[in-house]
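Trainee: This structure is in structure tokens; I'll ask about it shortly.
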Amino acid sequence: MEHSAFWNRIADSYAARPVANPTAYEQTLSRTRSYLRATDQVLEVGCGTGSTALTLSSDVAHYTATDISPRMVAIAQDKAAKSGAENVIFRTAVSEEPLDTTHYDAVIAMNLLHLVEDVPGTVATLADRLKPGGYLITKTACLADRQWFLRPVIAVMQAIGKAPRPVKFIRASELERIFVRAGMKVVEAEDHGVRFIVARKP
């Protein structure tokens with residue numbers, strides 16, 4: 001898969017990079033924690049090299065983290081082994097296959113939704129993995145709001161293998177409507193450098 005191959009190729013350099021906006025990242029972690037309980041079963045989709053999963057896993061009972069890149073997952077598993085975290089599992093997901101049928105108290109998708117082909121379909125799938133009353137916690141680059149001018153730049157970068165495919169240009173208002181159409185209630189929407197949205201399943 002082209003999409004998986006891109007992330008495999010950049011995984012090591014991605015893991016070595018510092019967080020671009022530490023203040024915004026800490027804000028996101030703080031707000032995410034406010035929706036988690038010690039008894040929760042959590043799923044993270046698009047976990048990358050596992051930094052968020054390893055940070056949040058100590059706040060919940062069990063944390064399953066997935067990514068389509070085997071190399072990203074391998075790095076995350078190595079970090080987990082070194083940290084001694086025992087309640088987090090990292091596994092490779094195959095994008096053509098459905099998510100497992102387990103239902104979770106919270107599903108987390110950070111910096112993912114603008115990188116999928118079918119945003120409404122993905123939101124609906126993630127919502128379906130929630131228990132009633134569960135939270136879908138997301139952070140998304142809404143490029144159509146502020147960075148619309150990057151469209152030709154990203155197209156060139158994609159052509160030379162320096163940016164993933166797809167990259168969606170979506171507005172925050174449109175994204176919130178997608179959550180609502182999926183039967184979710186948006187309970188929080190804030191700017192954390194990119195758009196942080198939390199939606200609750202009735």
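The values are calculated or read from the model by the stated rules, or taken from the named source; none is laboratory data. Keep in mind the model is a prediction, meaning the values are calculated, not measured. Cβ placement follows ideal geometry from the backbone for every residue including glycine, while neighbour counts extend to all protein chains displayed. Side chains included, ligands, DNA and RNA excluded: accessible areas come from the protein's heavy atoms. Shrake-Rupley method; radii C 1.70, N 1.55, O 1.52, S 1.80 Å.
Trainee: Accessible area per residue of the chain at 1.4 Å probe, in Å²?
Mentor: Details: 10060 Å² over 202 residues.
I get 50 Å² per residue for the chain.
Trainee: Next question. Ignoring ligands and nucleic acids, what accessible area does ILE170 show with a 1.4 Å probe (Å², nearest 10)?
Mentor: Only protein atoms counted, so the area is about 10 Å².
Trainee: On to the next question. Given the options SER30, ALA93, SER69, identify the residue whose Cα lies farthest towards the positive end of the charge dipole of region 1-112 (+1 on Cβ of Lys, Arg; -1 on Cβ of Asp, Glu).
Mentor: So the residue furthest toward the plus end is SER30.
Trainee: Moving to a separate point now. Any chance you could list the semi-axes, whole Å, largest first, of the equivalent ellipsoid that the Cα gyration tensor gives for region 4-108, using √(5λ)?
Mentor: On the way: eigenvalues 85, 64, 33 Å².
Taking √(5λ) for each eigenvalue gives 21, 18, 13 Å, largest first.
Trainee: Based on alpha-carbon centroids, what's the gap between region 58-85 and region 130-164 in Å, whole number please?
Mentor: Cα centroid to Cα centroid, the span is 23 Å.
Trainee: Once neighbouring chains are kept in place and the probe is 1.4 Å, which whole percent of the accessible area of the chain is contributed by carbon and sulfur?
Mentor: Details: 5460 of 10060 Å².
Heavy-atom surface of the chain belonging to carbon and sulfur, 1.4 Å probe: 54 percent.
Trainee: Let me ask another. Translational diffusion coefficient of the chain at 10 °C, 1.306 mPa s, Stokes-Einstein with Kirkwood Rh over Cα pairs, in µm²/s as a whole number.
Mentor: Numbers: Rh = 17.2 Å.
It diffuses with D of about 92 µm²/s by this estimate.
Trainee: Let me have the 222 nm mean residue ellipticity of the chain computed from DSSP H runs of 4+ only, each contributing -39500 (n - 2.57), with the sum over all residues rounded to the nearest 500.
Mentor: On the way: 8 runs with 80 residues, N = 202.
Value at 222 nm, helices only: -11500 deg cm²/dmol.
Trainee: Looking only at ARG171, ARG181, ARG71, which one moves most when the chain is put into a Gaussian network model with springs between Cα atoms under 10 Å?
Mentor: ARG181
Trainee: What number of lysine-lysine pairs in region 82-202 show an alpha-carbon separation below 27 angstrom, given a sequence spacing of 8 or more or placement on distinct chains?
Mentor: Number of lysine pairs found: 10.
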